[in-house]
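Take a look at the structure below.
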Amino acid sequence: MEKKSCMILALDVSDREEALKIAEDVSEFVDAIKVGYPLILATGLGIIRELAEFAPIIADFKVADIPNTNRLICEQVFEAGAEAVIAQGFTGRDSLDACIEVASEYRKDVFVVSEMSHPGGAEFLQPVGEAITRMAAEAGAFGLVAPATRPERVKAIRKIIGEKLTIISPGVGAQGGKASDVIAAGADWVIVGRAIYKAESPREAARKIATEIEVEIKGEN
Ligand code: O7E
């Protein structure tokens, strides 16, 4: 996945036409589009190939099962045309290994959720987030999913993985995170959903966040 705007669109709408229109409108400002249960359950897995015309697709199924089931899920996801899949880390190393094995067969990537951005993410997952991060690095994942609502946690995860893995970070906008803060904390990409797809002009909203990130990155150099 090429790093240009450092932004990923979370396309959680449930209408096919709306999804395709938003993807086309904002494609200039995003490096990838994340699709998950809301859009795929509503429109079918074929939406991945349709959207791939505009940007690489990350399939957010938060895969969290036994190794054999994880393998079967990942095969479907990559056959459907996704460039990457998102897996949960809490199911353990063997389950994650199954996702990474399938991804490498297809020459695709796996992102692992270490901890989540919502308030409940601090309840059970955060205390084991750093252990999950280390496991994901050892297993050879491409990147981690870390919360934009807690830039200090992004910083801590970056410290553990160094420059070896990437970090994608959801929680910007509707959940209160600020794109420039999370990039400054060490995320490679921010993931933005409602702040773009619910905006009056998704294109203008995406442009604004992309500019904020660009200013932050230029300021660092
Ligand atoms: O709040 P929004 O509308 O900007 O959407 C955020 C998206 O990121 C949404 O699809 C949600 O399911 C996802 N997400 C989080 O918000 N928090 C997390 O901790 C993890 C995810 C996620 O996508 O995990 C895999 C990247």
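The values are calculated or read from the model by the stated rules, or taken from the named source; none is laboratory data. Owing to the predicted nature of the structure, the values given are computational and were not obtained by experimental measurement. Because the Cβ atoms are built from the backbone with ideal geometry, glycine has one as well, and the counts that use them run over all protein chains shown.
Taking the conditions exactly as written (surrounded by fewer than 23 Cβ atoms within 10 Å (Cβ to Cβ) and under 28 Å from residue 53 (Cα atoms)), does residue 163 satisfy them or not? The answer is no for residue 163.
The helices (runs of 4 or more DSSP H) found wholly in region 1-98 include none carrying at least 3 residues that are of a type in the set (Lys, Arg) and surrounded by fewer than 22 Cβ atoms within 10 Å (Cβ to Cβ). Among the residues of region 14-57, those that are in contact (Cβ under 8 Å) with a residue 60 or more places away in the chain and either within 23 Å of residue 112 (Cβ to Cβ) or in contact with a Gly (Cβ under 9 Å, 6 or more places away or on another chain) (or both) comprise 30, 31, 32, 34. Comparison of 103, 55, 131 shows that the only residue that is within 22 Å of residue 192 (Cα to Cα) and more than 10 Å from the ligand (Cβ to nearest atom) is 55.
When the test is whether a residue is touching a Ser or Thr at 6+ places or on another chain (Cβ under 8 Å), buried (at least 21 other Cβ atoms within 10 Å of the Cβ) and under 27 Å from residue 100 (Cα atoms), residue 177 does not pass it. Cβ separations smaller than 8 Å between residues 6+ apart or across chains give the following pairs from region 58-82 residues that are on the phi > 0 side of the Ramachandran plot and touching a residue at least 40 places away in the same chain (Cβ under 8 Å) to residues that are within 16 Å of the ligand (Cβ to nearest atom) and of a type in the set (S, T, N, Q): 62/88. Residues in region 91-99 include none that are at pLDDT 95 or above and closer than 30 Å to residue 203 by Cβ.
Identify, please: which residue in region 183-194 is more than 6 Å from the ligand (Cβ to nearest atom) and closer than 20 Å to residue 36 by Cβ and is, among those, surrounded by the fewest Cβ atoms within 10 Å (Cβ to Cβ)?
First, pick out the residues of region 183-194 that are more than 6 Å from the ligand (Cβ to nearest atom): 183-190.
Okay, now just the ones that are also closer than 20 Å to residue 36 by Cβ, so 187-190.
Details: 187: 31, 188: 20, 189: 27, 190: 30.
Selected residue: 188.
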